[in-house]
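Student: Mind looking over this structure? Questions follow.
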Amino acid sequence: MLLAFVLCACGGIAPRPEVKVVEAHEVEVLPQSPLIIGRDGGDSALLWGHSVWAFGDTVLSVPDVDGVTWHHNSFTASDDLDGEDGVTWLPERLDGAGAPRYLIAPTAEEEAFNAAHRGDPCAEPPCGARWAAWPGAPVFDEARSRALIPYGLIYAEPGDFNFHGVGQSFAVWTDYAALPERPVVDPAQDHPTLLFLENEPGYGDGGSAIVGDDLYAFACRPNCKLGKVPLDHVFERAAWTYWDGAAWSAQIGDARALFDAPYARVGYNDYLRRWTAVYAEDLSDHVVMRTAPDLTGPWSAPAGLFTADRKGTGGWTYDAYPHAEYAGEGGRVQFVSFTRSNGQGWFGSELVWVRVLIEPAPHP
């Protein structure tokens, strides 16, 4: 009892879950464009009235204008916001060769590097080395009619799990008919578009939310910390503050972990009257939800939502994402997606759509 009191008083993990699952089931495997062989991720948000989905690594069935079939991100969209029978997609945006476009394109310097290391043999060793921008969940800044899309900049070389992140930032999307841009933060640094560098928490990689005139962004891996910045000053490092457990500090090193998670996706649930964080537990298929009365906590213990069915394809679930724009009954009905192998080639994948019915957990 004393331990539970201390945890709650310090704003740490509450001693029990606050959510109970009534029922959860797989609705369907969502349809996929024949232009796509496989992709992972699948964060989404309502942007300019469209449900826009951001994916990570994407293998195309046709080469793009540069002759490339491997994209480090892609996107699609839907105007079908009734998730009960799945999702119907709008047409993919295509380049001049009829291949799907990037959501967050490489910078000129990154594309020059990738081109020089493409192929085998290649112009510059190591062949196959590349820069990649992996997007997270977009957030819509309605007052400024723009979307902010967090992304991590990744350096990768051939080989299993032979990649690492070198920093985190946000892309800005101001015109739905165009594509997002990556503002320069510091032209003097090696990667001038990055807000947070390799040795710093990557605020935005754990989900973001807009409250009033502020952007709140979580940095996870292996635990989740919280940063805040005025929306008019997102790309000014000096404007960011970090939750130290009791107050907002200007020192990034003062940030305190709020809960353990490899990543999270946050949003406000009107039905629960709580903030929620949804994710798959590390190296597992168990998809869970935490809740809190405020983004700063205290965050509850995780409540199990469902176990992702990988159909015996191996691996684990790392991209279980909630889709708030599809929620029903004020948030009592949740829809969560995840990807799994479809058994077609080494990166063939399918996007699974799961319906979850929740209610507040009864407590004595």
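The values are calculated or read from the model by the stated rules, or taken from the named source; none is laboratory data. Computed from a prediction, not measured in an experiment: that's the story for all the values here. Quick reminder, even Gly has a Cβ in these numbers, built from the backbone with ideal geometry, and neighbours come from all protein chains shown.
Student: If the requirement is being hydrophobic (A, V, I, L, M, F, W, C) and farther than 17 Å from Glu109 by Cα, which of these qualifies: Leu194, Leu179?
Tutor: Exactly one of Leu194, Leu179 is hydrophobic (A, V, I, L, M, F, W, C) and farther than 17 Å from Glu109 by Cα, namely Leu179.
Student: Select from the range 222-237 the residues that are assigned to a loop (DSSP other than H, G, I, E, B) and of a type in the set (A, V, I, L, M, F, W, C) and write down the one among them that is nearest to Arg146 (Cα to Cα).
Tutor: That would be Val234.
Listed here are the residues, each with its yes/no results for (1) in a loop (DSSP other than H, G, I, E, B); (2) buried (at least 16 other Cβ atoms within 10 Å of the Cβ); (3) in contact with a Leu (Cβ under 7 Å, 6 or more places away or on another chain).
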position	(1), (2), (3)
Gly98	yes, no, no
Cys122	yes, no, no
Pro125	yes, no, no
Ala133	no, yes, yes
Ala137	yes, yes, no
Ile154	no, yes, no
Gly167	no, yes, yes
Ala178	yes, no, no
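Student: Could you list, in sequence order, the residues of the range 330-352 that are within 20 Å of Thr69 (Cα to Cα), surrounded by 18 or more Cβ atoms within 10 Å (Cβ to Cβ) and small (Gly, Ala, Ser)?
Tutor: If the condition is that a residue be within 20 Å of Thr69 (Cα to Cα), surrounded by 18 or more Cβ atoms within 10 Å (Cβ to Cβ) and small (Gly, Ala, Ser), then Ser341, Ser349 are the ones that fit.
Student: Sticking with this one: Can you work out which of the residues in the range 313-329 that are part of a strand (DSSP E or B) and within 19 Å of the chain's Cα centre (by Cα) is surrounded by the fewest Cβ atoms within 10 Å (Cβ to Cβ)?
Tutor: Tyr321
Student: Right, next: Can you tell me how many residues in the range 119-141 are among the charged types (D, E, K, R), farther than 18 Å from His164 by Cα and at pLDDT 95 or above?
Tutor: The number of residues fulfilling the criteria is 2.
Student: Report every pair of residues separated by at least 6 positions or lying on different chains whose Cβ atoms are under 6 Å apart, first residue within the range 121-147 and in contact (Cβ under 8 Å) with a residue 24 or more places away in the chain and closer than 29 Å to Val52 by Cα, second among the basic types (Lys, Arg) and exposed (fewer than 13 other Cβ atoms within 10 Å of the Cβ).
Tutor: Once the first residue is in contact (Cβ under 8 Å) with a residue 24 or more places away in the chain and closer than 29 Å to Val52 by Cα and sits in the range 121-147, no partner that is among the basic types (Lys, Arg) and exposed (fewer than 13 other Cβ atoms within 10 Å of the Cβ) comes close enough.
Student: Which one is nearest to Thr296 (Cα to Cα) among residues in the range 190-221 that are of a type in the set (Ser, Thr, Tyr) and in a strand (DSSP E or B)?
Tutor: Result: Tyr216.
Student: A further question on this structure: Which residue is nearest to the chain's Cα centre (by Cα), if the candidates are limited to the range 180-229 and must be of a type in the set (Val, Ile, Thr) and loosely packed, with under 15 Cβ neighbours inside 10 Å?
Tutor: Val211
Student: For the range 71-96: of the residues being among the aliphatic types (A, V, I, L, M) and either assigned to a loop (DSSP other than H, G, I, E, B) or at pLDDT below 95 (or both), which is surrounded by the most Cβ atoms within 10 Å (Cβ to Cβ)?
Tutor: It comes out as Val87.
Student: May I ask you to list the residues in the range 101-129 that are acidic (Asp, Glu) and closer than 24 Å to Arg182 by Cβ?
Tutor: Glu109, Glu110, Glu111, Glu124, listed by residue number.
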